[in-house]
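Peer 1: Handing you this structure, nothing more for now.
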2 protein chains.
Amino acid sequence: MSKTAGIVVIGNEILSGRTRDENATYFLKELRTLGVDVRRVSVIPDEIQAIGDEIRSASRNFDYVFSSGGVGPTHDDVTIQGIAAAFERKVCRSSELETTLREYYQDNLTDTMLRMALVPEGASLVRGDQMWFPVIVVENVYIFPGVPEILASKFQSIKERFREDPFFNRDVFLVVEEGHVADVLHEVLAKYPDLLLGSYPTFTNPEYRVKLTLESKSEDYLNSAHGFLLGCLAARSIDPI
Amino acid sequence: MSKTAGIVVIGNEILSGRTRDENATYFLKELRTLGVDVRRVSVIPDEIQAIGDEIRSASRNFDYVFSSGGVGPTHDDVTIQGIAAAFERKVCRSSELETTLREYYQDNLTDTMLRMALVPEGASLVRGDQMWFPVIVVENVYIFPGVPEILASKFQSIKERFREDPFFNRDVFLVVEEGHVADVLHEVLAKYPDLLLGSYPTFTNPEYRVKLTLESKSEDYLNSAHGFLLGCLAARSIDPI
């Protein structure tokens, strides 16, 4: 079984449609490549209670939770309070983070910026290469900032700890209506119940009408299911392109 | 108070990172323009129970729910069953939808395609211009397909029913560190508690360091808050660009 993950994007700017999400998209691609099975993405507002409820539930349901957003020094940065609420912990100032901030900002450090040293009580700090400010971790929740470039650079620093067996996949493109292969797909799943099998119609692509996606953590199982699918299609005179 | 909405994207292809979400992004932009306040986006797998749980909760919490995906004729299309489960309803065949499918597909209609006439018991059908297949609605849940072009065309047909008073907004761009305006933002919110005020740092844009976003459903309130903010900034010798 793969490890599972939930992604929680915290940000009114995404919900208002004014900024397009980049962070969930980034996590999804990276985690899949690492072999982690993301089971849920949520986008929620910058509100302590909404964050607490979502993080609590995701933390219980998945092996890992990755949050993005709401960790700066301004009024709308309430992720730390929300995650503290999720685990019924207090917010306290981390002396290790305070030292990090003082070293980085030197004389420019203001009291407001010191807010970034606040963590849920008992949080741990994960450091990595090329990252002056560590990732704050509470239970199985990894807290990332909302700025996409910084999020990506931090994730790259620590991603190897999440690596699992990879997913293998194959696609099959067809020029028939999706409805005409539904029976074939049932037949394939009856024989290969553990295959991750998707069927996606398109109405605008001139090259094909349906894309079938086959996925498995076992390359042999995938290849065997793929061969069986091709046989079923051939028996119905449906040729993949 | 604005009407609120939740968006539920149903699709393993999004969670696997193989297909980038277009539908939540589209709904977010459109609904904001219509003045609707989207409070949550979730991306969940093609699984009846996950769909049922998510739709039930969203339906209780928001005025409208928009789902996308999982409504075709293949094995991974379980949205109708999931939404029926959310409201503890049976799935039944709609004779009106059956007629629509027969008229559209004529002699090409297969039993498999007839699965698309299945609806949660008591569902209503919303028709609009340039839409041969109606939008299925259960309680406050509007069910859309996953193919982005079709989703958009259907939404355009029925969107006017969701129109509210619009949001007004203004942006202010600054070249200071975000931490240096945190106090100003608190001051603004103390005087204008109903202002939707966001603060977003960037570290890669050569033009500015922080974008402040101000939003309100009252244009007067927005303008007044904007003027007050500019005054506070001027008092600290911070010039917007």
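Peer 1: Do you know which residues of region B:52-93 lose at least 30 square angstrom of accessible area in the protein assembly compared with their chain on its own, with a 1.4 angstrom probe?
Peer 2: Correct list: B:PRO73, B:THR74, B:HIS75, B:ASP76.
Peer 1: Calculate one ³J(HN,Hα) per residue across region A:95-101 by plugging θ = phi - 60° into the Karplus curve 6.51 cos²θ - 1.76 cosθ + 1.60, and present them in order as whole Hz with x for glycine and proline.
Peer 2: Computed from phi, the couplings for region A:95-101 are 5, 5, 5, 4, 4, 4, 5 Hz.
Peer 1: Looking at the protein assembly as shown, send over the antiparallel percent of its DSSP beta bridges, to the nearest 5.
Peer 2: For the protein assembly as shown, the DSSP antiparallel bridge percentage is about 60.
Peer 1: Then there's this: What are the extents of the Cα atoms of region A:8-118 along their three principal axes, in Å, largest first?
Peer 2: Principal extents (largest minus smallest coordinate, Cα): 43, 30, 30 Å.
Peer 1: On to the next question. I want the antiparallel fraction of DSSP beta bridges within region B:11-147, as a percent rounded to 5.
Peer 2: Taking every DSSP beta bridge with both residues in region B:11-147, the antiparallel ones total about 70 percent.
Peer 1: Could you report the buried accessible area between A and B, both sides summed, computed with a 1.4 Å probe and given in Å² to the nearest 100?
Peer 2: Rounded to the nearest hundred, the buried surface is 4700 Å².
Peer 1: Whenever you get a sec, compute what percent of the accessible area on region A:31-82 sits on carbon and sulfur atoms (1.4 Å probe).
Peer 2: 41 percent
Peer 1: Roughly how many Å is it from the Cα centre of region A:19-43 to that of region A:158-196, as a whole number?
Peer 2: 19 Å
Peer 1: Any idea of the accessible area per residue across the protein assembly as shown, 1.4 Å probe, to the nearest Å²?
Peer 2: 45 Å²
Peer 1: Could you compute Rg(Cα) / (2.2 N^0.38 Å) for region B:47-94, with N its residue count?
Peer 2: With N residues counted in region B:47-94, Rg over 2.2 N^0.38 Å equals 1.11.
Peer 1: Measure up A:LYS3/B:LYS29; A:LYS3/B:LYS154; A:LYS3/B:LYS211; B:LYS3/B:LYS191; A:LYS159/B:LYS3 against 31 Å on the Cα-Cα distance and list the ones that go over.
Peer 2: From A:LYS3/B:LYS29; A:LYS3/B:LYS154; A:LYS3/B:LYS211; B:LYS3/B:LYS191; A:LYS159/B:LYS3, over 31 Å: A:LYS3/B:LYS29; A:LYS3/B:LYS154; A:LYS3/B:LYS211; A:LYS159/B:LYS3.
Peer 1: Against the 2.2 N^0.38 Å scaling, with N counting residues, where does the protein assembly as shown land? I'd like the Cα-based Rg ratio to two decimal places.
Peer 2: Taking the Cα Rg and dividing by 2.2 N^0.38 Å, one obtains 1.06.
Peer 1: So the label point sits 7 Å from Cα along the Cα-to-Cβ vector; using that for A:ALA234, what distances do you get to the other copies, in nanometres, sorted shortest first?
Peer 2: 8.0
Peer 1: Where both partners of a DSSP beta bridge lie in chain B, what percent of those bridges are antiparallel, to the nearest 5?
Peer 2: Percent antiparallel among DSSP bridges in chain B is about 60.
Peer 1: Now for a different question. Put one equal scatterer on each alpha carbon of chain A, apply the Debye formula with no solvent term, and list log10 I(q)/I(0) at q = 0.11, 0.13, 0.15 1/Å to two decimals.
Peer 2: -0.69, -0.85, -1.01
Peer 1: Just which residue of chain A brings its Cβ nearest the axis of rotation onto chain B, and by how many angstrom, rounded whole?
Peer 2: That would be A:SER42, 3.
Peer 1: Would region A:113-179 count as rounded, prolate or oblate if I go by the C-alpha gyration tensor, calling it rounded below 1.5 in a/c and otherwise prolate when a/b exceeds b/c, oblate otherwise?
Peer 2: Prolate, since a/c reaches 1.5 and a/b exceeds b/c.
Peer 1: Could you pull the copy-to-copy label distances for A:THR204, with points set 7 Å along Cα to Cβ, in nm to one decimal and sorted shortest first?
Peer 2: 2.5
Peer 1: Angle between the Cα long axis of helix A:219-235 and the longest principal axis of chain A, 0 to 90 degrees, nearest 10?
Peer 2: 40 degrees
Peer 1: Kindly provide the helix-only [θ] at 222 nm of the protein assembly as shown, computed as the sum of -39,500 (n - 2.57) over DSSP H runs of four or more divided by all residues, to the nearest 500 deg cm²/dmol?
Peer 2: Using -39500 (n - 2.57) per qualifying helix, the result is -10500 deg cm²/dmol.
Peer 1: Sticking with this structure for a sec: Pairs of Cα atoms under 8 Å, at least six residues apart: use those to get the relative contact order of chain A, whole percent.
Peer 2: 17 percent
Peer 1: Which FRET efficiency value, to the nearest 0.05, is calculated for B:ARG20 and A:MET1 with the Förster distance at 30 angstrom and r the Cβ-Cβ distance?
Peer 2: 0.65
Peer 1: So, one more: To one decimal in nm, how far is B:ARG20 from the same spot in the other copies, if labels go 7 Å from Cα toward Cβ? Please give the shortest first.
Peer 2: 0.5
Peer 1: At a threshold of 8 angstrom on Cα-Cα distance, excluding pairs fewer than six apart, so keeping six or more, what relative contact order does region A:78-181 reach in percent?
Peer 2: RCO, region A:78-181: 19 percent.
Peer 1: Please state the relative contact order of region B:173-220 as a whole percent: Cα pairs under 8 Å, 6+ residues apart?
Peer 2: Relative contact order here is 45 percent.
The values are calculated or read from the model by the stated rules, or taken from the named source; none is laboratory data. Remember, it's a predicted structure, so these values are computed and weren't measured experimentally. Cβ sites come from the backbone with ideal geometry, for glycine too, and all protein chains shown count toward neighbours. Heads up: the accessible areas ignore ligands, DNA and RNA and are worked out on the full protein's heavy atoms, side chains in. Shrake-Rupley method; radii C 1.70, N 1.55, O 1.52, S 1.80 Å.
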